[in-house]
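Have a look at the structure below, then the notes.
The values are calculated or read from the model by the stated rules, or taken from the named source; none is laboratory data. Just so it is clear, the structure is predicted and the values come from calculations on it, not from any experiment. No Cβ is skipped: glycine too gets one built from the backbone with ideal geometry, and neighbour counts run over all protein chains shown. To get the accessible areas, we keep the full protein, side chains included, count just its heavy atoms, and leave off ligands, DNA and RNA. Shrake-Rupley method; radii C 1.70, N 1.55, O 1.52, S 1.80 Å.
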Amino acid sequence: MSHALLTAALVWIGLSYVLGVVVALDQWRRPAQAWEAADRNRRFWFWLTIIAGFHGMGEYAAAAYLVGVVPRFRATGPPAPPRRPLQRAIAAVVGRVRRVSHDMPADGTHSSAEELALVAALLVFVSSFIHSAQIAPHWEQYWLYGAFFAVTTVLQAIWAMVIHRDPLNRRALVAGAIGNAALIVIWAITRTAGVPIGPQARPEAVGVIDVLSKLDELAAVVLIGVVLGRLRDVRRPISPGALRLAAMLAGPLFIYSVLAAFGGGHHHH
């Protein structure tokens with residue numbers, strides 16, 4: 001590693017630590033009422049920022065917080081005027097039905113199904129990041145290979161943003177499951193039968209970055225399947241233990257995938 005690259009890496013990591021602490025403090029100082037009005041989970045964002053900050057990804061966590069959460073604080077505005085008794089009763093009934101139908105806790109935080117969908121979106125996003133790092137080298141091989149990676153990168157990133165805004169969007173969840181499963185199948189074909197078009201006729205070797213990308217997508221497909229099953233049968237809630245297990249497994253996978261994308265690795269389809 002050259003001296004310039006080492007210096008850049010140290011600056012990046014140091015900035016990640018600083019941003020992780022600063023952004024986490026900003027999140028903690030905001031009252032719980034503001035988070036509830038913004039429909040965001042303070043505990044989730046706080047720990048996400050801390051973990052990402054001390055794993056060299058504080059820049060990404062800060063950007064996600066500034067883009068996806070801070071504008072919601074500004075948009076909440078002053079509290080609404082007091083409602084009449086009939087309005088309060090109707091609002092209570094509507095809120096209760098919405099919480100039951102979506103497994104939503106009474107405090108306005110994300111339900112377990114929503115949290116799993118967000119974890120799936122995070123994994124798909126990091127897979128798109130890996131694909132983005134492979135656009136240029138594949139474009140050098142054959143322009144159609146590079147175009148495939150470019151389109152895949154954009155579609156995965158858009159899907160992650162859609163799920164971030166609406167975690168229980170059935171159509172988006174189904175499309176994400178089908179699309180990412182198709183990418184896994186395409187990758188398996190290129191590793192066994194070879195690429196059917198272009199100059200790369202022989203099967204490609206399996207690399208670390210390949211496997212990480214497909215593990216991201218496979219885990220996302222499994223999580224999406226769990227969420228869709230929950231939406232079909234609201235009587236079967238997702239246990240908190242399953243949510244914690246998903247977060248524990250997805251966290252290291254996300255970190256290693258980002259590191260692999262930065263470090264390069266074997267080209268993959």
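Remarks
- Criterion violated by Gly265 - all others in (1) at pLDDT 75 or above; (2) open to solvent by less than 80 Å² (accessible area, probe 1.4 Å) satisfied: (1)
- Count of the range 17-38 residues which are under 24 Å from Met248 (Cα atoms) and part of a loop (DSSP other than H, G, I, E, B): 0
- Scanning the range 35-72 for residues that are farther than 19 Å from Leu122 by Cα, touching a residue at least 12 places away in the same chain (Cβ under 8 Å) and open to solvent by 30 Å² or more (accessible area, probe 1.4 Å) yields a total of 3.
- Whichever residue in the range 133-144 is part of a helix (DSSP H, G or I) and in contact with a His (Cβ under 8 Å, 6 or more places away or on another chain) and, among such residues, is least open to solvent (accessible area, probe 1.4 Å): His138
- Looking across the range 196-217, the residues that are assigned to a loop (DSSP other than H, G, I, E, B) and not charged (D, E, K, R) come down to Pro196, Ile197, Gly198, Pro199, Gln200, Ala201, Pro203, Ala205, Val206, Gly207.
- Of the residues making up the range 52-69, those that are more than 19 Å from Arg30 (Cβ to Cβ) and in a helix (DSSP H, G or I) are Glu59, Tyr60.
- In this structure, Arg191 qualifies as surrounded by 15 or more Cβ atoms within 10 Å (Cβ to Cβ), of a type outside the set (A, V, I, L, M), out of contact with any Phe, Trp or Tyr (no Cβ under 9 Å at 6 or more places or on another chain) and modelled with pLDDT under 90.
- Ala172 being out of contact with any Leu (no Cβ under 8 Å at 6 or more places or on another chain), open to solvent by less than 40 Å² (accessible area, probe 1.4 Å) and modelled with pLDDT of 90 or more: yes
- Pick from the range 1-23, criterion at pLDDT below 75 and either among the polar types (S, T, N, Q) or surrounded by 13 or more Cβ atoms within 10 Å (Cβ to Cβ) (or both), ranking: nearest to Ala63 (Cα to Cα): Ala9
- Candidates Val151, Val206, filtered to the one that is closer than 20 Å to Ala260 by Cα and of a type in the set (Val, Ile, Thr): Val206
- Residue identified as at pLDDT below 80, open to solvent by 80 Å² or more (accessible area, probe 1.4 Å), of a type outside the set (Gly, Ala, Ser) and closer than 30 Å to Glu140 by Cα among Pro237, Pro199, Pro203: Pro199
- The lone exception for Val126 - which of (1) part of a helix (DSSP H, G or I); (2) modelled with pLDDT under 85; (3) open to solvent by less than 30 Å² (accessible area, probe 1.4 Å); (4) in contact with a Phe, Trp or Tyr (Cβ under 8 Å, 6 or more places away or on another chain) it fails: (2)
- For the range 145-169, the set of residues classified as assigned to a loop (DSSP other than H, G, I, E, B) and open to solvent by 20 Å² or more (accessible area, probe 1.4 Å) consists of Asp166, Leu168, Asn169, listed by residue number.
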